[in-house]
Amino acid sequence: MRLKRGWPAFVALLTAILLVLAGCGGGNDNNKQASGSSANKVEVFSWWTGGGEAKGLDAMVADFKKNHPNIQFINAAVAGGSGTNAKAVLASRLQANQPPDSFQGHAGAELMDYIKAGQLEPLDFLYDQLKLRDVFPQQLIDQITFEGHIYSVPVNIHRANVLWFSPAVLKEAGIAKPPATIPEFISDLQQVKQKTKKIPLSLGAQWTADHLLDAVLLGDLGVDGWNALWKQGADWSSPQVTKALGDYATINSYANAEAASTDWQLAAKNVVDGKAAFNIMGDWAAGYFKELGKTPKVDYDWAASPGTDGTYQWLSDSFTLPKGAPHHDAAVAWLTEAASKQGQDLFNPQKGSIPARKDADTSLYTGYLAWALQQWQSDKLAGSMWHGVTANNAWHTNIDTSVGLFLKNKNVANFQKSLVDAATSGLAS
Ligand code: GAL
């Protein structure tokens, strides 16, 4: 996979640069901050560098700057969809005790790793001060709480299980409506291949194949079957999983050959450009399509990914306060912005997500996002594996390794065996 090749060198270089940058003044500012003087900057770490994501961040940062004209905002975003590069850089920084002032971590198992490693400050004081306990859904608060303490500020809810499609390509292929089940999906992919010269399924870098695996397992196993995969007693060796992995192999065989050399943006763009029929991607794609000036229902349309109607495969971006953050007070100011109704309503319509807060101004969420808001109210919930909800970082990495091997050798039996092993150690940790 292209993103993986040359990756250790890239990460090492990036880490070195970031450590040098973080070293410039970090220690001194820390002292100044502690003594209450003017260490006024805040370094915020994410992977939102383009494709609608940066626009959402910029909108919230502009409001932050208005509210805090004396705090310099340092955007420490590291490029690479779903944090593939950023998370490695972050891990090195945390290990070297050079944390940013706040970083983006997914609510759920991913966040728990940081908490259990003692890398985060609890934020109960902020929840009390801003009266945040009631503004977020309880099931979300549960995903960021450990031993009675709350550790992050969720800024949004993303939906992972979205099937994006090109109405024009479907028409050309003679497909009247998007596929509702995995078997229908496979037959539609076949039809696109036979009847058009378009790409049936647009994929990107390896992580987008991980994301696709989440969608296919959920589509085949159903919400209860999916949720059971992440709990004690999970049976990854079941015939149902075998069937789902077989379907995954078939679905993958309709993907574009050059998929691995692009990130999610180009993979999604193939759909709105009428070059591909389908793409399964989280709804950050909606933010990207908006930035591209594309018209919903015309240039692109969407549905629940096949077999998952009525289930919201969710994830939530949340901001943290790392232990030893060099600019503690400025970091708290940033978290206050991220928690605010104003901040969330500026960020999310651009980002392609719905707000984590329950009291957002719904009139701002149009097109795809109006649909998402509605589904969030009525759907059952399934956490996203790839985006940090159901599996901790080690399990996540093991699944990624299994997917990487499978994409090379296409051996379903070995794939299942390595997923069983990943689950055995994941559930034991
Ligand atoms: C997810 C993240 C989203 C979006 C996406 C693609 O992991 O939660 O906010 O950034 O990756 O980069």
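Once the chain from S363 to D421 is taken as fully extended at 0.36 nm per residue, the excess over their C-alpha distance is 16.2 nm. Here the Gaussian network model covers the chain, with springs between Cα atoms less than 10 Å apart; of S378, S305, S92, S378 fluctuates the most.
Within the listed set S363, S238, S261, the Gaussian network model of the chain (springs between alpha-carbon atoms below 10 Å) gives the highest mean-square fluctuation for S363. Using a Gaussian network model of the chain in which every pair of alpha carbons under 10 angstrom is joined by a spring, one finds that among P322, P239, P122 the greatest mean-square fluctuation is at P239.
Shown here for region 100-134: trypsin sites (Lys or Arg not before Pro) in loop regions (DSSP other than H, G, I, E, B) with at most 13 other Cβ atoms within 10 Å, namely K131, R133. Take the residue pairs K198/K341; K41/K294; K297/K358; K177/K410 and return only those whose Cα atoms are more than 32 Å apart. Long pairs (Cα-Cα over 32 Å): K198/K341; K41/K294.
One equal scatterer on each Cα of the chain, no solvent, Debye formula: the resulting log10 I(q)/I(0) at q = 0.08, 0.09, 0.13, 0.14 Å⁻¹ is -0.43, -0.54, -1.15, -1.33. Each 10 Å bin, from zero up to the one with the longest distance, holds this percent of the alpha carbon pairs of region 345-413: 17, 32, 24, 21, 6.
Selection among L201, Y365, V153 by position relative to the dipole of the chain gives L201 as farthest towards the positive end (Cβ unit charges, Cα centre).
Extension gain, N409 to A180, is 79.5 nm, computed as 0.36 nm per intervening residue step minus the present C-alpha separation.
For D235 and K297, the FRET efficiency from 1/(1 + (r/R0)^6), where r spans their Cβ atoms and R0 equals 51 Å, is about 0.80. The charge dipole of the chain, taken about its Cα centre with unit charges on the Cβ of Lys, Arg, Asp and Glu (plus for the first two, minus for the last two), comes to roughly 1000 debye. In this rough spin-label picture, where each label sits 7 Å from Cα along the Cβ direction, the S253-A394 distance is 3.7 nm.
Our compactness index for region 295-429, the C-alpha radius of gyration over the empirical 2.2 N^0.38 Å, is 1.35. For the chain, the longest principal axis of the Cα atoms and the long axis of helix 206-228 meet at an angle of about 80 degrees. Rg and Dmax, both from the Cα atoms of region 138-234 and both in Å, are 18.1, 57. A Förster radius of 45 Å combined with the Cβ-Cβ distance from K341 to K171 puts the calculated FRET efficiency at roughly 0.65. Listed values for region 274-290 are Karplus-derived 3J(HN,Hα) couplings in whole Hz (6.51 cos²θ - 1.76 cosθ + 1.60, θ = phi - 60°), namely x, 9, 9, 7, 9, 8, 9, 8, x, 7, 4, 4, 5, x, 5, 4, 5, and x replaces Gly and Pro. Close amide-amide hydrogen proximity is noted between I157 and I354, A356, each under 5 Å apart and 5 or more residues distant or on a separate chain (H modeled in the peptide plane; Pro and chain starts excluded).
Any read-out appearing in this document is the output of simple, stated calculations on the displayed coordinates, not a laboratory observation. What you are looking at is a predicted structure, and each value in this text was computed from that prediction instead of being measured. Quick reminder, even Gly has a Cβ in these numbers, built from the backbone with ideal geometry, and neighbours come from all protein chains shown.
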